[in-house]
Amino acid sequence: MADYSGNASLSSDFLGHFFVLRTVIGVDIRYPYLVYILFPIAMGITAFINLRLVNDAIESLVKSKNQMTEWNRSLEEMVKQRTKELEESNNKLEAISNTDGLTGIGNRRYFDNALATEWSHAQRTSSNLALIIADVDCFKNYNDIYGHPAGDECLRLVAKAFQDNARRESHLVARYGGEEFAVVLPVLAADQAILFAEIMIRKIRELALPHSGSPFGCVTISLGVAVVTPKPDQKVEDLLKAADAALYLAKNKGRNQYVLWDIE
């Protein structure tokens, strides 16, 4: 707050001198002259007071502006933090929606989206696309003999074996449904896809999971392999049907093996 006591004191002193001159000394000063003298003083005092008020207002505005700037900065930081948290939550939700709850690998939704994406890319670039569909042999018998908890553990171990042997980042492993698994292998030629299938047959046997309901005495898998360079008139369903047909043939031929389907 502005201090105006000095101005009030000045006015009081002036009035005191005026009355001393007029009454004590006897100087004849007319009262109207007092108005002419006091008016400029009053105007000056008013101007001074207004100036101080304006300065106070300016200081208050500057202080408010700085405070507002600080509030805006804090609000921006808060919005950034909340946006980051929301993005992280969305990413976690997306990951959960694409993950199979039992095995921890991609689920059918993930597989469908990934296959459609890779098919479009292969069609656009005229590159190979391999698909493997695998099935755990005699799995119903395994559940009946060892129980569903053991069956779940068997599926988890098979899924881990597939995931561990998908060496490239572009190799996409998913649970296709029930005891079936799918692997999408972009760019690979037929001989490379076959090599992957042979490795997986060996790796599952090396798990050495006892299976008295299987002719092999342990858990094994059958695989259908299909490789294609997609043509403009072909559809992704053609690749799926080919891999599925190859799997069906592998199981009919005695299981624990792969079949490569000639999609042409």
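The values are calculated or read from the model by the stated rules, or taken from the named source; none is laboratory data. As the structure is a computational prediction, the values presented were derived from the model and not from experiment. Counting neighbours? That spans all protein chains shown, and the Cβs are built from the backbone with ideal geometry, glycine included. For the accessible areas, the whole protein counts, side chains as well, though only heavy atoms, and no ligand, DNA or RNA atoms are used. Shrake-Rupley method; radii C 1.70, N 1.55, O 1.52, S 1.80 Å.
Would you check if there is a residue in the stretch 204-226 being closer than 15 Å to ASP135 by Cα and either in a helix (DSSP H, G or I) or within 32 Å of the chain's Cα centre (by Cα) (or both)?
Yes: one or more hits.
Among the residues of the stretch 63-111, which ones are of a type in the set (Asp, Glu), open to solvent by 70 Å² or more (accessible area, probe 1.4 Å) and under 30 Å from GLN234 (Cβ atoms)?
Result: GLU94, single match.
Hey, does the stretch 163-177 have a residue that's in contact with a Ser or Thr (Cβ under 6 Å, 6 or more places away or on another chain), surrounded by fewer than 18 Cβ atoms within 10 Å (Cβ to Cβ) and either under 11 Å from ALA130 (Cβ atoms) or of a type outside the set (Lys, Arg) (or both)?
No.
Determine whether GLU198 is over 22 Å from ILE263 (Cα atoms), open to solvent by 30 Å² or more (accessible area, probe 1.4 Å), in contact with a strand residue (DSSP E or B) (Cβ under 8 Å, 6 or more places away or on another chain) and at pLDDT 95 or above.
No.
Could you check, for the stretch 124-138, whether at least one of its residues is in contact (Cβ under 8 Å) with a residue 12 or more places away in the chain, open to solvent by less than 20 Å² (accessible area, probe 1.4 Å), small (Gly, Ala, Ser) and assigned to a helix (DSSP H, G or I)?
So far as the stretch 124-138 goes, no, none of its residues is in contact (Cβ under 8 Å) with a residue 12 or more places away in the chain, open to solvent by less than 20 Å² (accessible area, probe 1.4 Å), small (Gly, Ala, Ser) and assigned to a helix (DSSP H, G or I).
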